[in-house]
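The structure appears right after this line, and notes come after that.
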Amino acid sequence: MKLIIPIYFTSIFSLCSQQVVLDKLERMPDLPSPYLMRDWKKVTIEYDSVIYNSDWTGDYLPVLNFSQAGTQYPDIPEFGLDTYVGWNSQSLGEAINVLPSLVSASLCGIDKSDQYGHNWILYSQNYFNKKNGEGIYLNSVSAGSGGDWWYDVMPNVFFYQIYDLYGSIGDADNQFLSIADQFLASVKTMGGGDTPWQASSMNYRAYDFKNEIPNPVGVKEPEAAGAYAWILYHAF
């Protein structure tokens with residue numbers, strides 16, 4: 001893996017590193033005056049204190065949903081967050097909402113592995129779809145890939161950020177490797193190769209990781225190659 005991954009994505013990183021200088025933009029100040037920057041760390045900490053507090057009462061509260069037995073790991077609880085205030089579904093939420101909430105809070109100094117008596121990092125591993133053979137994180141605790149790259153790829157980006165912050169909690173090591181293997185295999189299926197070198201074609205809507213079939217139907221999202229590169233580079 002260490003030898004193959006950089007070969008596929010060298011061209012992507014080379015393109016990203018070429019900065020074009022625009023004179024008019026260069027004359028703009030980096031920090032306009034007057035300018036007031038919102039205290040985003042304060043906002044993040046306050047946001048976390050609301051959405052992870054199951055004791056809050058009122059209209060549409062709490063937004064936290066909890067189950068003692070996980071879908072993918074029955075011995076580990078699982079949880080979700082309402083996708084938006086007012087949804088009030090009382091069911092599990094979306095990984096693209098749950099996982100980045102863990103990342104942002106952690107970056108602000110909150111230990112999400114030990115908060116309110118819960119290990120939210122461990123619980124979130126139920127979004128890793130292993131029982132159904134997908135082998136990656138998906139947008140719900142039981143989902144199928146191949147519908148839209150945004151929902152299939154981004155949860156894995158967020159997990160890699162969590163893994164960098166918390167390391168070997170629960171099944172994290174195995175999940176980390178499984179994601180790398182699945183994404184690398186999909187690159188090969190879509191035409192990527194190293195001997196001889198060949199770039200993969202990613203002009204698809206999504207990729208079915210379980211059945212190893214790209215989805216050509218609907219709006220194409222080839223820009224997912226950037227997220228692919230990010231994941232595989234960090235795996236390397």
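From the square roots a ≥ b ≥ c of the eigenvalues of the alpha-carbon gyration tensor of the chain, which class results: rounded (a/c under 1.5), prolate (a/b over b/c), or oblate? Here the chain falls in the oblate category. Packing around the peptides 30-41, 49-60, 139-150, 157-168, taken as the average count of other Cβ atoms within 10 Å per residue, puts them in this order, highest first: 139-150, 157-168, 49-60, 30-41. Normalised by the number of residues in the chain, the average gap of Cα pairs under 8 Å and 6 or more apart makes the relative contact order 17 percent.
Prolate is the label for region 90-157, because the ratio a/c of its alpha-carbon gyration tensor axes (a ≥ b ≥ c) is 1.5 or higher and a/b is greater than b/c. With the contact rule set at Cα under 8 Å and sequence spacing of 6 or more, what percent relative contact order holds for region 117-236? It comes to 26 percent, rounded to a whole number.
Which pairs, out of LYS112/LYS188; LYS112/LYS210; LYS188/LYS220; LYS41/LYS112, put more than 26 Å between their alpha-carbon atoms? With Cα atoms farther than 26 Å apart: LYS112/LYS188; LYS112/LYS210.
For every helix of n ≥ 4 consecutive DSSP H residues, a contribution of -39,500 (n - 2.57) applies; sum these over the chain, divide by its total residues, and give [θ] at 222 nm rounded to the nearest 500 deg cm²/dmol. Rounded to the nearest 500, it is -12000 deg cm²/dmol. Each of SER67, TYR151, ASN97 was scored by the projection of its Cα onto the charge dipole of the chain, and the greatest displacement toward the positive side belongs to TYR151; charges sit on the C-beta of Lys, Arg, Asp and Glu.
Here the accessible area of the chain is 56 percent carbon and sulfur, with a 1.4 angstrom probe and all protein chains present. Averaged per residue, the chain has 55 square angstrom of accessible surface, using a 1.4 angstrom probe with ligands and nucleic acids left out. The gain in end-to-end length when the GLU223 to LEU61 segment is fully stretched comes to 54.6 nm, 0.36 nm per residue minus the alpha carbon separation.
The distance between label points at ASP173 and ASP111 comes to 2.2 nm (points 7 Å beyond Cα on the Cα→Cβ vector). Under 17 Å from a point 7 Å along the Cα-to-Cβ line of ASN132: which residues of region 200-236 have their amide N that close? Counting only backbone N, you get 206-215.
The values are calculated or read from the model by the stated rules, or taken from the named source; none is laboratory data. Given the structure is predicted, the values throughout are model-derived calculations rather than measurements. As a convention, Cβ positions derive from the backbone with ideal geometry for all residues, glycine included, and neighbour counts pool all protein chains shown. Surface areas here come from the heavy atoms of the whole protein model, side chains and all, with no ligands, DNA or RNA. Shrake-Rupley method; radii C 1.70, N 1.55, O 1.52, S 1.80 Å.
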